[in-house]
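All remarks here apply to the structure that follows.
The values are calculated or read from the model by the stated rules, or taken from the named source; none is laboratory data. Source: prediction; values computed, not measured. Every residue, glycine among them, receives a Cβ derived from its backbone with ideal geometry; neighbour counts consider all protein chains shown. Side chains included, ligands, DNA and RNA excluded: accessible areas come from the protein's heavy atoms. Shrake-Rupley method; radii C 1.70, N 1.55, O 1.52, S 1.80 Å.
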Amino acid sequence: MDLQQRRIRQQNRDLAIKLIIPVAILAKIIYIYFLPARYFFDSWRMVAMLTDNGSMGGWTGYQDAVDFHAKINVLNLTDVNQFSIFYGIIMTPLIIFMVSKVQEMEMKEVLFTLMATGVLNIYVFTINKEMIQIMYFLVIYIVVSLPIKNTFIKIIGCALVYYWESLNFRSYYILMAAMSIFLYFIFITLKKRKKIGKMLIAFTVVLCFAGVFLFFYVSQFVAYEDYRDALNIRDNSTSTIREAGGASSAIYNPIEVNDNFGIFMFDYVINAIRMMIPVELLVKSPGYAPFFVYQIFILIYLFRTIRNLKHINNKMVVVLSCFVAYFFGSVVFEPDFGSWVRHEATTFPIMQLMALQSNNYSENNI
């Protein structure tokens, strides 16, 4: 019976690979013909800056991204749809390559892979900041895949990638760099335990929150103005959204922080739960159901990886540490669920390792 189940899972994997390109094409059709342009305002803004037609001018925080796309725009693309198709053709084969490394899949993993393919081809594979972001996670994927037995070296390498990104792209990724190393030691210690029960997992989650709070508390003595900016960044971002008429997908703080570290900690915990289990999106509109399902998939795979911690090797511990560090850092800065979905999608190179290679049946493949 086990051999038959393996054959079925192998067939599922083959099915996923065969369907990736059709799903990518369908996603591009949805992107080009059905989704309103306001969903991709940043992309249109970057094209305007790239073509230098003067309609947008220079926008703070976008020039570096525009410069990146300009350097690889060897085909002289001048339209958002052209960039979307161009990046889709380049990046979709990478999805196939990464998925092909998996030997077996459950049907729900096939569904997750195809959903991720759709999200990536709609929201990431085009001219935007997310296209740059996924490049950093591809570097992390390469570091994790290196034939180096010492996983401590690998986690240092991944942390350095986060640090590199904090210097060149998004400064707050310094938090991910510190958290990834912190979490690595937590998960390695947890892996050595004889039994990993629900209470121990809950305690680990509490430690993760404590690590973030400790980092923020200490940072005020190093760079106080940056510390204040980080505490209030969500209130500042969402106030801009509110002034523009509001958005149903905005993640407003339950209580305005106003430089209060205690309120920041309270808001942080609530927002972390909201982002991981976005039930409120379903209440606001049934149209958000696909994003809700996608996020639940990620939640399931995250906790499954932690539950199977004793059965996975230390390479997967590195992957888990990097992804959880990303999540805990993102909770501070994401202003709305739309941004959260786009940014989280860029973690696919490491997310798919966690989702597809943390099964007990794939223990020998990781």
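Here are the numbers for this structure:
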| read-out | value |
| --- | --- |
| Scope the range 196-217; condition under 12 Å from Leu175 (Cα atoms) and either modelled with pLDDT under 90 or β-branched (Val, Ile, Thr) (or both); matching residues | Val212 |
| Residues of the range 284-312 classified as closer than 18 Å to Ile251 by Cβ and in contact with a helix residue (DSSP H, G or I) (Cβ under 8 Å, 6 or more places away or on another chain), total | 7 |
| Meets criteria (part of a helix (DSSP H, G or I), in contact (Cβ under 8 Å) with a residue 12 or more places away in the chain and open to solvent by less than 50 Å² (accessible area, probe 1.4 Å)) for Ile188 | yes |
| Enumeration of residues in the range 23-55 that are out of contact with any Phe, Trp or Tyr (no Cβ under 9 Å at 6 or more places or on another chain), surrounded by 12 or more Cβ atoms within 10 Å (Cβ to Cβ) and among the aromatic types (Phe, Trp, Tyr) | Trp44 |
| Given (1) open to solvent by 50 Å² or more (accessible area, probe 1.4 Å); (2) of a type outside the set (Gly, Ala, Ser); (3) in contact with a Lys or Arg (Cβ under 6 Å, 6 or more places away or on another chain), number of the condition Asn253 does not satisfy | (1) |
| Only listed residue being open to solvent by less than 30 Å² (accessible area, probe 1.4 Å), within 21 Å of Asn359 (Cβ to Cβ), aliphatic (A, V, I, L, M) and modelled with pLDDT of 95 or more, chosen from Val143, Val110 | Val110 |
| Filter result (part of a helix (DSSP H, G or I) and either open to solvent by less than 50 Å² (accessible area, probe 1.4 Å) or touching a strand residue (DSSP E or B) at 6+ places or on another chain (Cβ under 9 Å) (or both)) within the range 157-175 | Gly157, Cys158, Ala159, Val161, Tyr162, Glu165, Ser166, Tyr173, Leu175 |
| Residues (under 16 Å from Val318 (Cα atoms) and of a type in the set (Gly, Ala, Ser)) located in the range 141-185 | Ser145, Gly157, Ala159, Ala177, Ala178, Ser180 |
| Residues (touching a strand residue (DSSP E or B) at 6+ places or on another chain (Cβ under 9 Å) and either crowded, with 23+ Cβ neighbours inside 10 Å or among the β-branched types (Val, Ile, Thr) (or both)) located in the range 332-359 | Phe337 |
| Helices (runs of 4 or more DSSP H) contained in the range 63-141 and holding at least 3 residues touching a residue at least 40 places away in the same chain (Cβ under 8 Å) and under 26 Å from Leu167 (Cα atoms) | 63-71 |
| Test: Leu207 is of a type outside the set (Phe, Trp, Tyr), open to solvent by less than 40 Å² (accessible area, probe 1.4 Å) and assigned to a helix (DSSP H, G or I) | no |
| Index of the failed condition, Gly61 passing every other in (1) modelled with pLDDT under 95; (2) open to solvent by 60 Å² or more (accessible area, probe 1.4 Å) | (2) |
| Failed condition for Phe261, given (1) in contact with a Phe, Trp or Tyr (Cβ under 8 Å, 6 or more places away or on another chain); (2) modelled with pLDDT under 90; (3) over 26 Å from Ile132 (Cα atoms); (4) open to solvent by 30 Å² or more (accessible area, probe 1.4 Å) | (2) |
